[in-house]
Amino acid sequence: LAAETVTKGGIMIPEKSQAKVLQATVVAVGPGSTNKDGKVIPVCVKVGDKVLLPEYGGTKVVLDDKDYFLFRDGDI
(Lines give C-alpha, C1' and ligand atoms only; values in the text may rest on other atoms or scores of the structure.)
Protein backbone atom coordinates (compact mmCIF):
# COMPACT_ATOMS: atom_id res chain seq x y z
CA LEU A 1 0.00 0.00 0.00
CA ALA A 2 1.41 3.39 -0.92
CA ALA A 3 2.04 5.93 1.82
CA GLU A 4 0.04 9.14 1.97
CA THR A 5 1.78 12.06 0.24
CA VAL A 6 -0.68 14.79 1.23
CA THR A 7 -2.47 15.23 4.56
CA LYS A 8 -6.23 15.83 4.76
CA GLY A 9 -5.43 19.52 5.31
CA GLY A 10 -3.48 19.66 2.03
CA ILE A 11 0.07 19.69 3.45
CA MET A 12 2.60 17.81 1.27
CA ILE A 13 4.63 15.20 3.18
CA PRO A 14 8.31 14.87 2.14
CA GLU A 15 9.42 11.44 0.88
CA LYS A 16 11.81 10.91 3.80
CA SER A 17 9.01 11.41 6.32
CA GLN A 18 6.59 9.00 4.67
CA ALA A 19 6.20 5.74 6.54
CA LYS A 20 5.73 2.49 4.69
CA VAL A 21 2.38 0.86 5.27
CA LEU A 22 2.55 -2.89 4.87
CA GLN A 23 -0.97 -4.00 4.11
CA ALA A 24 -2.01 -7.25 2.47
CA THR A 25 -5.09 -9.25 1.57
CA VAL A 26 -5.48 -12.71 3.06
CA VAL A 27 -5.66 -15.31 0.26
CA ALA A 28 -5.60 -18.52 2.34
CA VAL A 29 -6.00 -19.55 5.97
CA GLY A 30 -4.99 -22.74 7.73
CA PRO A 31 -7.06 -24.62 10.32
CA GLY A 32 -5.35 -22.90 13.27
CA SER A 33 -2.85 -24.00 15.87
CA THR A 34 -3.14 -26.57 18.63
CA ASN A 35 -2.64 -25.79 22.28
CA LYS A 36 -0.85 -28.05 24.75
CA ASP A 37 -4.10 -29.99 25.37
CA GLY A 38 -4.42 -30.78 21.63
CA LYS A 39 -7.42 -28.53 21.02
CA VAL A 40 -7.43 -26.43 17.84
CA ILE A 41 -7.36 -22.67 18.34
CA PRO A 42 -9.08 -21.10 15.29
CA VAL A 43 -7.41 -18.36 13.24
CA CYS A 44 -8.64 -14.80 13.82
CA VAL A 45 -8.63 -13.78 10.11
CA LYS A 46 -10.50 -15.09 7.09
CA VAL A 47 -9.89 -15.06 3.34
CA GLY A 48 -10.41 -11.59 1.89
CA ASP A 49 -9.55 -9.69 5.09
CA LYS A 50 -7.14 -6.75 4.82
CA VAL A 51 -4.35 -7.03 7.41
CA LEU A 52 -1.39 -4.94 8.52
CA LEU A 53 1.90 -6.81 8.45
CA PRO A 54 5.03 -6.41 10.54
CA GLU A 55 8.03 -4.86 8.76
CA TYR A 56 10.15 -7.96 9.31
CA GLY A 57 9.26 -11.63 9.48
CA GLY A 58 7.15 -14.01 7.52
CA THR A 59 8.27 -16.48 4.88
CA LYS A 60 8.28 -15.55 1.19
CA VAL A 61 6.94 -18.17 -1.23
CA VAL A 62 6.86 -17.76 -5.03
CA LEU A 63 4.11 -19.62 -6.91
CA ASP A 64 3.37 -19.05 -10.61
CA ASP A 65 5.57 -15.91 -10.62
CA LYS A 66 3.55 -14.36 -7.76
CA ASP A 67 5.02 -13.53 -4.35
CA TYR A 68 3.15 -14.76 -1.28
CA PHE A 69 4.11 -14.27 2.35
CA LEU A 70 3.30 -16.69 5.15
CA PHE A 71 2.69 -15.27 8.63
CA ARG A 72 1.62 -16.80 11.90
CA ASP A 73 -1.70 -15.65 13.31
CA GLY A 74 0.02 -13.90 16.22
CA ASP A 75 2.27 -11.87 13.89
CA ILE A 76 -0.60 -10.16 12.08
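In terms of overall dimensions, the C-alpha atoms belonging to the stretch 22-70 reach 39, 21, 20 Å along their principal axes, ordered largest to smallest. When the trypsin sites (Lys or Arg not before Pro) in the stretch 16-76 are filtered for DSSP coil states and for at most 13 other beta-carbon atoms within 10 Å of their beta-carbon, the remaining sites are LYS20, LYS36, LYS39, LYS46, ARG72.
So which chymotrypsin sites (Phe, Trp or Tyr not before Pro) in the stretch 45-76 pass both tests, a DSSP loop state and at most 13 other Cβ atoms within 10 Å of the Cβ? Please report the intermediate quantities before stating the final value.
Details: sites: TYR56, TYR68, PHE69, PHE71; in loops: TYR56, PHE71.
Sites meeting the loop and neighbour criteria: TYR56.
In this structure, PHE71 and ASP37 have a Cβ-Cβ separation that, at R0 = 35 Å, corresponds to a calculated FRET efficiency of about 0.90.
Distances between placed amide hydrogens fall under 5 Å for SER33 paired with ILE41, all partners being 5 or more residues away or on another chain. Computed with a 1.4 Å probe over protein heavy atoms only, the accessible surface of the stretch 22-70 comes to 85 Å² per residue.
Would you mind telling me the share, in percent, of accessible area of the stretch 23-76 contributed by carbon and sulfur at probe 1.4 angstrom? Kindly include the intermediate steps, with their values, before the conclusion.
Working: 2450 of 4600 Å².
Exposed carbon and sulfur together represent 53 percent of the surface.
Here's how it looks for LEU22: its modeled amide H is under 5 Å from those of LEU53, which are all 5 or more places away or on a different chain.
The values are calculated or read from the model by the stated rules, or taken from the named source; none is laboratory data. This is a predicted model, so every value here is computed, not measured. Every residue, glycine among them, receives a Cβ derived from its backbone with ideal geometry; neighbour counts consider all protein chains shown. The accessibility values were calculated without ligands, DNA or RNA, using every heavy atom of the protein model including side chains. Shrake-Rupley method; radii C 1.70, N 1.55, O 1.52, S 1.80 Å.
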